[in-house]
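The block underneath contains the structure these notes are about, expressed in structure tokens.
Any read-out appearing in this document is the output of simple, stated calculations on the displayed coordinates, not a laboratory observation. This structure is a prediction, so every number in the text was calculated from the model and none was measured. Using ideal geometry, Cβ is built from the backbone for each residue, glycine included, and neighbour counts are taken over all protein chains shown.
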Amino acid sequence: MKDTEQHLTLFSALPGHNLGLDHSGEQVEYDDHTCMMGNPAYADDGTVQCFNGAKSWYLGWYNDRHSVVQPTSAAWNGLLAGINDYVNGQTLVNVHSVVVRIDDTTGKKDLYLMYNKQEGINSQVKEYGDTVTVVSATNSYTSGQSLLLAHLTAGTEYRQAGFSGSQKELVIKVCSMDSGSPDTARVLVYLAGLNDQSCDSVAPTRAPTRA
């Protein structure tokens, strides 16, 4: 049985390898089950779910909704929308982001944010549905091994000390998650003591209500 499972695992990961993607891990190499490259299911037809933020950025499928943040220069206060709402035309340019890359200017590991909304083409995601996921990957080869660092709900945050050689603490905070067309997560990215942000800060422009 073990040999069969290993065979199916390799088979289900093969399409991602053919796209130039490496594995997606959390505690070990294969266990980021928010991503198809974490081998979330032992099945040759996989599951109805997507790739994580690092893989999605590399593939460029949503690049008209990519945002780049360099927190050593400026903070970010924005809206993340899920992939299903993007493919259904419910997001607006300059209003919603699908993938956010947080640049580490020292050339180490960038961070990637996505709203792992569990619906539609991502309805069978095996782990941490309806959270904002934080993933790291080397910025010199973003299709390589990625690592899931955090999965955030409204009111929670992730912190990383000494980000990008700044001697400051990076803060990624989810202020709120709101239902609508699209469903959104409002997220702050800043360096504590340099460009602090608050959920009471002016919110980003919202998309108009759709009929």
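Label-point separation (nm) for Ser179 and Ala154, each offset 7 Å from Cα along Cα-to-Cβ?
About 1.1 nm, to one decimal.
Once the Cβ-Cβ distance between Val87 and Ala161 is put in as r, and R0 is 35 Å, what FRET efficiency do you end up with, to the nearest 0.05?
Using R0 = 35 Å, I get an efficiency of 0.40.
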